[in-house]
1. Take Tyr163, Tyr75 and order them by how many other Cβ atoms sit within 10 Å, fewest up front.
2. Tell me, what HN-Hα J-couplings in whole Hz come from the Karplus equation 6.51 cos²θ - 1.76 cosθ + 1.60 at θ = phi - 60° for each residue of the range 115-121, using x for Gly and Pro?
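Nothing in this text is a laboratory measurement; each read-out follows from the coordinates by a stated rule. For clarity, every value in this text was computed on a predicted model and none was experimentally measured. Here the Cβ positions follow ideal geometry from the backbone for every residue, glycine too, while neighbour counts run over all protein chains shown.
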Amino acid sequence: MTRPVHIAILPALAAALFFSLACLAAQRGEISELKRSTQSEYRAEVAYMLVSDPEYLHRLQEQTKPVATVTVTAYNADPSQTDSDPDIAASMRRVKPGTIAVSRDLFDRGWVFGRKVRLEGLGIFEINDLMAARHNRAIDIFLYSNSKALAFGKRRIKAALLYI
């Protein structure tokens, strides 16, 4: 008596399983289509923003410029010009000749610790320190001697961020 019941239930279970799999496949297709349409809508919105917002384009160009005209000064490891540990730079490395400090606006644009910078007429330097927050578009060259730092003065120089 139980055999005919099993024979009737098995095709119904197979049909239910087949229907469930078909529903899952349809849902997956809908989800994939939704992801594709969302991505294309997002890309279209970004492209529109890039083309139609000149202020955004200008900011993007300013952020990615590897060359800038900056104010260059010099500093030394004098406790009156630095924090409590004058021989350690913001990068946690010891200051040495060839070390420069950059203003925070340059740092935010990718002029970060360890990168090399060519200062026109002065040579290649390594970024290992940060300047005080009040400075903009500025670089400070480390010199051991206070008299040499004072003699260096203040100059407007082209600086190029190097990709080496």
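1. The most exposed by this proxy come first: Tyr163, Tyr75.
2. 6, 9, 10, 9, 9, 4, x
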